[in-house]
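Q: Please find one structure pasted underneath; my questions will follow.
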Amino acid sequence: MDYFNYKDGQLYAEDIKVTDLTLRYGTPLYIYSRATLERHYKAFERALKAHNHLICYSVKSNSNLAVIALMASLGSGFDVVSEGELRRVKAAGGDTHRVVFSGVGKTREEIAYALNERIRCINVESEEELLVVSEEAKKAGVVAPVALRINPDVDARTLPAISTGLRSNKFGIWREDALRLYKRIASDPNLKAAGLDCHIGSQMTSSVPILEAADIMIDIYKELLSEGIKVDHIDLGGGLGVTYDEEQPPSPDDFFSGIIEKFSDLDCEIYIEPGRAMVANAGVLCCKVLYQKDNGSKHFVITDGSMSDLIRPALYGAHMTIENATLRKSDVLRKCDVVGPVCESDDFLGKDRMLAVRNSDILVVRGAGAYGSSMSSCYNSRRLCAEIMVSGDRANVVRRRQEFSQMWENEALAD
Ligand SMILES: *Cc1c(COP(=O)(O)O)cnc(C)c1O
């Protein structure tokens, strides 16, 4: 359930008609529902309340400052994967001490910046990175709290491009290297073994893989304890899936109930890093229908929204639900490909969709709150689009549509 519902054939974002918003703010337009975001955060809180925990919202799924600020106001921590994301958390008023820093390729400068901000934990992904963290901690005169990201070789059973916990992926440290590296951390005065970390993939629709990963992490936790190394948290990453089409992912309660049980006798906090499940269904992308054409075998609906605004369909072949913001009983459905203006054959938002469409209608792509705006680009010199956050009958512009000149403000002519 989200807060985008039809009343009398008109789609509403909470209490505001979507077509009123697109008239006022133009298209393409992202609309976020504040009530949905709050409900999702509270569902995660409820699912974990029986055990000490920290929710670290994954900033890369939607990095708009208003979303980050809302999460911070609800008490969330953050998972960041770059200095830019950490700076966004700061800019939005988030607490850097509730930030964990993930990513396979952090630069020395990023590590130094993060240590200077006193973040909660650096999730280290290689032995070489560990060395750099130690050097930078020494330079800064701090003890760096670290967790090793373990690659548990568990199949998240999701799309290959968003599966990260297999040996064939670039992520993490092998399980058999863990003990040796934790001993190295324990003997390094510049490092503190703060936690254990994993993130096996995204869009998981079953809790089986995360339970398998948790078992492996708890195994390592106990092995470390027997060696006299006590970490204070296990970070299980993100990955809970959402409904884009027919998927039936578990609720946070169901996803985590087995985890809570496994942790019940451990003196160890649970960290999680949800992104998609927090924001996907709290956002939609609205596009206006410009033209339609028929090539005999296909009917194309051409909108002003494209892969530059929302790349998931083009990049992963991801299915996202598309609806007309205005339903008319008399209109007949026909099979169409919904495409954008970008000069790439893969520029589509949906294929073979049953829609009734008139020119100038507003098409709404559901589930676009996660990996939508945050993955958008200016390809074809298309401006980054506007973003709105709705709360009840109020709407705030949380990102203005980019000005054309902003696209080239850092460019110059060569002499
Ligand atoms: C992307 C990512 C997440 C968030 O994953 P979701 O599937 O969006 O919940 C969490 N942790 C890490 C390390 C990530 O890279």
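Q: Looking only at segment 118-165, which residues are away from the ligand (no atom under 16 Å from the Cβ) and under 29 Å from Arg312 (Cβ atoms)?
A: As a first pass, look at segment 118-165 and keep what is away from the ligand (no atom under 16 Å from the Cβ): 118, 127-128, 130-145, 153.
Scanning segment 118-165 gives a single hit, Asp153.
Q: Looking at this structure, is Glu273 in contact (Cβ under 8 Å) with a residue 12 or more places away in the chain and in contact with a Cys (Cβ under 6 Å, 6 or more places away or on another chain)? Let's see the steps before the verdict.
A: Working: in contact (Cβ under 8 Å) with a residue 12 or more places away in the chain: yes; in contact with a Cys (Cβ under 6 Å, 6 or more places away or on another chain): yes.
Yes: the conditions hold for Glu273.
Q: Please find, within segment 219-241, the residue that is surrounded by the fewest Cβ atoms within 10 Å (Cβ to Cβ) out of those that are more than 15 Å from the ligand (Cβ to nearest atom) and touching a residue at least 60 places away in the same chain (Cβ under 8 Å).
A: Going residue by residue through segment 219-241, those that are more than 15 Å from the ligand (Cβ to nearest atom) are 219-232.
Those still in the list that are touching a residue at least 60 places away in the same chain (Cβ under 8 Å) too: 220, 231.
Values: Ile220: 21, Val231: 25.
The extreme case among them is Ile220.
Q: Can you name the number of the only condition in (1) touching a helix residue (DSSP H, G or I) at 6+ places or on another chain (Cβ under 9 Å); (2) surrounded by fewer than 24 Cβ atoms within 10 Å (Cβ to Cβ); (3) aromatic (Phe, Trp, Tyr) that Phe256 fails?
A: So Phe256 meets the others, but not (2).
Q: Out of all the residues in segment 305-314, is one or more over 30 Å from Ala178 (Cβ atoms) and free of Cβ contacts under 8 Å to residues at least 60 places away in the same chain?
A: Within segment 305-314 (the criterion being over 30 Å from Ala178 (Cβ atoms) and free of Cβ contacts under 8 Å to residues at least 60 places away in the same chain), the answer is yes, since at least one residue qualifies.
Q: Where the second residue is part of a helix (DSSP H, G or I) and not aromatic (Phe, Trp, Tyr) and the first is touching a residue at least 40 places away in the same chain (Cβ under 8 Å) and within 16 Å of the ligand (Cβ to nearest atom) and lies in segment 276-293, which pairs have Cβ atoms under 6 Å and are six or more apart or on separate chains?
A: Arg276/Ser61; Met278/His40; Val279/Ser61; Ala282/Thr36; Ala282/Leu37
Q: Name, by its number, the condition in (1) at pLDDT below 95; (2) more than 22 Å from Gly228 (Cα to Cα) that does not hold for Trp174.
A: Single failed check for Trp174: (2).
Q: On the basis of being more than 16 Å from the ligand (Cβ to nearest atom), hydrophobic (A, V, I, L, M, F, W, C) and touching a residue at least 60 places away in the same chain (Cβ under 8 Å), does Ile185 make the cut? Even if it seems obvious, please write down each step before you answer.
A: Values: more than 16 Å from the ligand (Cβ to nearest atom): yes; hydrophobic (A, V, I, L, M, F, W, C): yes; touching a residue at least 60 places away in the same chain (Cβ under 8 Å): no.
Spelling it out, it is not the case that Ile185 is more than 16 Å from the ligand (Cβ to nearest atom), hydrophobic (A, V, I, L, M, F, W, C) and touching a residue at least 60 places away in the same chain (Cβ under 8 Å).
Q: Among (1) within 20 Å of the chain's Cα centre (by Cα); (2) outside any strand (DSSP E or B), where does Ser360 come up short?
A: So the condition that Ser360 fails would be (1).
Q: Within segment 287-337, track down each residue that is in contact with a Phe, Trp or Tyr (Cβ under 9 Å, 6 or more places away or on another chain), of a type in the set (Lys, Arg) and over 23 Å from Ser376 (Cα atoms).
A: Matches in segment 287-337: Lys293 only.
Q: Here is a follow-up. Of the residues Tyr244, Tyr271, which single one is assigned to a loop (DSSP other than H, G, I, E, B) and either crowded, with 24+ Cβ neighbours inside 10 Å or in contact with a His (Cβ under 7 Å, 6 or more places away or on another chain) (or both)?
A: Details: Tyr271 fails: assigned to a loop (DSSP other than H, G, I, E, B).
Sole residue among the options that is assigned to a loop (DSSP other than H, G, I, E, B) and either crowded, with 24+ Cβ neighbours inside 10 Å or in contact with a His (Cβ under 7 Å, 6 or more places away or on another chain) (or both): Tyr244.
Yes/no per residue for (1) without any contact (Cβ under 8 Å) to a residue 60 or more places away in the chain; (2) in contact with a Phe, Trp or Tyr (Cβ under 9 Å, 6 or more places away or on another chain):
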| residue | (1), (2) |
| --- | --- |
| Ala368 | no, yes |
| Ser373 | no, yes |
| Tyr379 | no, no |
| Met389 | no, yes |
| Ala395 | no, yes |
| Arg400 | yes, no |
| Glu403 | yes, no |
| Met407 | yes, no |
| Ala412 | yes, no |
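Q: Which of the following residues is over 27 Å from Asp393 (Cβ atoms), away from the ligand (no atom under 14 Å from the Cβ) and touching a residue at least 12 places away in the same chain (Cβ under 8 Å): Leu48, Leu65, Leu74? Break it down stepwise before answering.
A: Working: Leu65 fails: over 27 Å from Asp393 (Cβ atoms); Leu74 fails: over 27 Å from Asp393 (Cβ atoms).
One residue alone meets the criteria, Leu48.
Q: Looking at Ala194, Ala214, which is the one that is outside any helix (DSSP H, G or I), crowded, with 20+ Cβ neighbours inside 10 Å, in contact (Cβ under 8 Å) with a residue 12 or more places away in the chain and away from the ligand (no atom under 14 Å from the Cβ)?
A: Ala194
Q: Suppose we filter segment 1-25 for residues that are surrounded by 14 or more Cβ atoms within 10 Å (Cβ to Cβ), more than 25 Å from the chain's Cα centre (by Cα) and part of a loop (DSSP other than H, G, I, E, B); how many remain?
A: Counting residues in segment 1-25 that are surrounded by 14 or more Cβ atoms within 10 Å (Cβ to Cβ), more than 25 Å from the chain's Cα centre (by Cα) and part of a loop (DSSP other than H, G, I, E, B) gives 1.
Q: Do the conditions hold for Met375, that is, is it at pLDDT 95 or above and under 23 Å from Gln203 (Cα atoms)?
A: Details: at pLDDT 95 or above: yes; under 23 Å from Gln203 (Cα atoms): yes.
Yes, satisfied.
Q: Just to be sure, is Thr205 under 25 Å from the mean Cα position of the chain (by Cα), within 13 Å of the ligand (Cβ to nearest atom), touching a residue at least 40 places away in the same chain (Cβ under 8 Å) and within 24 Å of Arg312 (Cβ to Cβ)? Before the answer, list the steps.
A: Working: under 25 Å from the mean Cα position of the chain (by Cα): yes; within 13 Å of the ligand (Cβ to nearest atom): yes; touching a residue at least 40 places away in the same chain (Cβ under 8 Å): yes; within 24 Å of Arg312 (Cβ to Cβ): yes.
The answer is yes for Thr205.
Q: Looking for something closer than 18 Å to Asp2 by Cβ, small (Gly, Ala, Ser) and within 11 Å of the ligand (Cβ to nearest atom) - is there at least one such residue anywhere in segment 245-258?
A: Within segment 245-258, none of the residues are closer than 18 Å to Asp2 by Cβ, small (Gly, Ala, Ser) and within 11 Å of the ligand (Cβ to nearest atom).
Q: Name every residue in segment 132-163 that is free of Cβ contacts under 8 Å to residues at least 40 places away in the same chain and within 26 Å of Glu247 (Cα to Cα), in order of residue number.
A: Hits for segment 132-163 are Asp153, Pro160, Ser163.
Q: Next question, about the same structure. Restricting attention to segment 337-385, and to residues there that are under 30 Å from Ser58 (Cα atoms) and among the basic types (Lys, Arg), which single residue is surrounded by the fewest Cβ atoms within 10 Å (Cβ to Cβ)?
A: Applying the filter and picking the extreme gives Lys351.
Q: Suppose we keep only residues that are within 19 Å of Ile68 (Cα to Cα) and among the hydroxyl-bearing types (Ser, Thr, Tyr) within segment 367-399. Which one would you say is nearest to the chain's Cα centre (by Cα)?
A: Across segment 367-399, the extreme among qualifying residues is Tyr371.
The values are calculated or read from the model by the stated rules, or taken from the named source; none is laboratory data. Worth saying up front: this structure is predicted, and the values here are computed from it rather than measured. Methodologically, a virtual Cβ is constructed for each residue, glycine included, from the backbone with ideal geometry; neighbour enumeration extends over all protein chains shown.
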